[in-house]
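The values are calculated or read from the model by the stated rules, or taken from the named source; none is laboratory data. As the structure is a computational prediction, the values presented were derived from the model and not from experiment. Please note: Cβ atoms are built from the backbone with ideal geometry, for glycine as well, and neighbour counts cover all protein chains shown.
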């Protein structure tokens, strides 16, 4: 069984991919996570602080498996 890891999303990204990554990790729509962060930001500013900390701490998901091992894939020819 593969362990789930939290990454910032490259696809579901508005600012830094934090909410998209949390949505993918939790299995919920990233829009709900974004709304939660906005609500927390408006109710005392904690949402913004948590978002900034996660932006700094959570790594970006690698584009492909080859990048994880440092193998460069050849560029595809332009057609």
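Listed here are the residues, each with its yes/no results for (1) modelled with pLDDT of 85 or more; (2) out of contact with any strand residue (DSSP E or B) (no Cβ under 7 Å at 6 or more places or on another chain); (3) part of a helix (DSSP H, G or I).
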position	(1), (2), (3)
3	no, yes, no
23	yes, yes, yes
28	yes, yes, no
35	yes, yes, yes
62	no, yes, no
67	no, yes, yes
73	no, yes, no
76	no, yes, no
What pairs can you find where one residue is in segment 1-21 and on the phi > 0 side of the Ramachandran plot and in contact (Cβ under 8 Å) with a residue 40 or more places away in the chain, the other is surrounded by fewer than 22 Cβ atoms within 10 Å (Cβ to Cβ) and assigned to a loop (DSSP other than H, G, I, E, B), and their Cβ atoms are less than 7 Å apart, with a gap of 6+ or different chains?
-> 17/9; 17/10
What pairs can you find where one residue is in segment 33-52 and surrounded by 15 or more Cβ atoms within 10 Å (Cβ to Cβ), the other is at pLDDT below 85 and not in a helix (DSSP H, G or I), and their Cβ atoms are less than 9 Å apart, with a gap of 6+ or different chains?
-> 34/14
